[in-house]
Amino acid sequence: IPVDVDPETYCIDVAAAAEAISSRTKVIMPVHMAGQVADMDALNKLAADASVAILQDAAHAHGARWNGRRMGELDSIAAFSFQNGKLMTAGEGGAVLFPDDESYQDGFLRHSCGRPPTDRLYFHQTSGSNFRMNEFTASVLRAQLARLGEQIDTRERRWPVLARLLAEIPGVVPQGRDDRCDRNPHYM
């Protein structure tokens, strides 16, 4: 069920998400919009109170941090995209970070045709597909990790100037920032 966003950060509005939760709700999926991290403190509490999972869409959040914690360290699954317009790109594909071994093992089975890493007999334990990244794509992405931090530093330094100039355009409201997002990669 889509819910509204916070007009300052453009991330999911926690109060709207709380109102939308029903007995059919299984997961809350915050999108970390344009590098700004959604209010993960409030969302984690909401999810715990409602007994639902969180699945973070971190496609815009390569290198972002929330209260000093990086994407993937926020106690829920975080999914990244490496599509050609992202901060780190390999043309297509993605990565998923897991908060615990149990969800990692389940994710591994589903990305590897339903087979565990030790399987040599093609024994499929669950449904799955071939979502495995090839070595060439991984090497292209790994090389980009070396420069990601410096690129984010540059965007962080330049954002105040861009935001000021954008605000001078009638009808344009630059994205705000929650100070708990202590590293914003300013995607797009």
Counting heavy atoms of the protein chains only and a 1.4 Å probe, report the per residue accessible area for region 51-106 as a whole number of Å². 48 Å²
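For the chain, what relative contact order do you get, as a whole percent, if you take Cα pairs closer than 8 Å and at least 6 residues apart?
This gives 21 percent for the chain.
Mind checking the alpha-carbon convex hull of region 1-118 and giving the volume per residue in Å³?
Working: hull volume 15.2 nm³, N = 118.
Normalising the Cα hull of region 1-118 by residue number yields 129 Å³.
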Collect residues whose amide H, placed 1.01 Å from N in the peptide plane, falls under 5 Å from the amide H of V52; neighbours closer than 5 in sequence don't count. none
Over the chain, the sum of -39500 (n - 2.57) across DSSP H runs of at least four, divided by residue number and rounded to 500 deg cm²/dmol, gives at 222 nm -11000 deg cm²/dmol
Whenever you get a sec, compute what percent of the accessible area on region 79-161 sits on carbon and sulfur atoms (1.4 Å probe). 55 percent
Just reorder K45, K26, K86 by solvent-accessible area, largest first, 1.4 Å probe, all chains present. K26, K45, K86
Which of Q56, S22, Y10 sits closest to the plus end of the dipole of region 8-80, meaning its Cα is farthest towards the positive end, when Lys and Arg get +1 and Asp and Glu get -1 on the C-beta? Q56
Rounded to the nearest Å, the spacing of the alpha-carbon centers of region 96-131 and region 34-72 is 24 Å
Given axes a ≥ b ≥ c from the Cα gyration tensor, I'd like to know whether region 57-134 is rounded (a/c under 1.5), prolate (a/b larger than b/c) or oblate. oblate
Given springs between every Cα pair under 10 Å in a Gaussian network model of the chain, which of L74, L43, L165 has the largest fluctuation? L165
Amide H to amide H, which residues 5 or more places from N67 or on other chains are under 5 Å from it, using H placed in the peptide plane? C181, D182
Obtain the nm distance between the two label points defined at K45 and T118 by a simple spin-label model: each point lies 7 Å from its Cα along the Cα-to-C-beta direction. 4.3 nm
Hey, if you put +1 on the Cβ of every Lys and Arg and -1 on every Asp and Glu Cβ in the chain, which of G128, W66, G91 ends up farthest toward the positive end of that dipole? G91
Region 1-72, accessible surface, carbon-and-sulfur percent (1.4 angstrom probe): 54 percent
Can you sort Y187, Y104 by 1.4 Å-probe accessible area, starting with the largest? Y104, Y187
The chain - charge dipole about Cα centre, Lys and Arg +1 at Cβ, Asp and Glu -1, debye rounded to 20: 660 debye
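The values are calculated or read from the model by the stated rules, or taken from the named source; none is laboratory data. Keep in mind the model is a prediction, meaning the values are calculated, not measured. Quick reminder, even Gly has a Cβ in these numbers, built from the backbone with ideal geometry, and neighbours come from all protein chains shown. Each accessible area value is taken on the protein alone, full model and side chains, heavy atoms only, with ligands, DNA and RNA left out. Shrake-Rupley method; radii C 1.70, N 1.55, O 1.52, S 1.80 Å.
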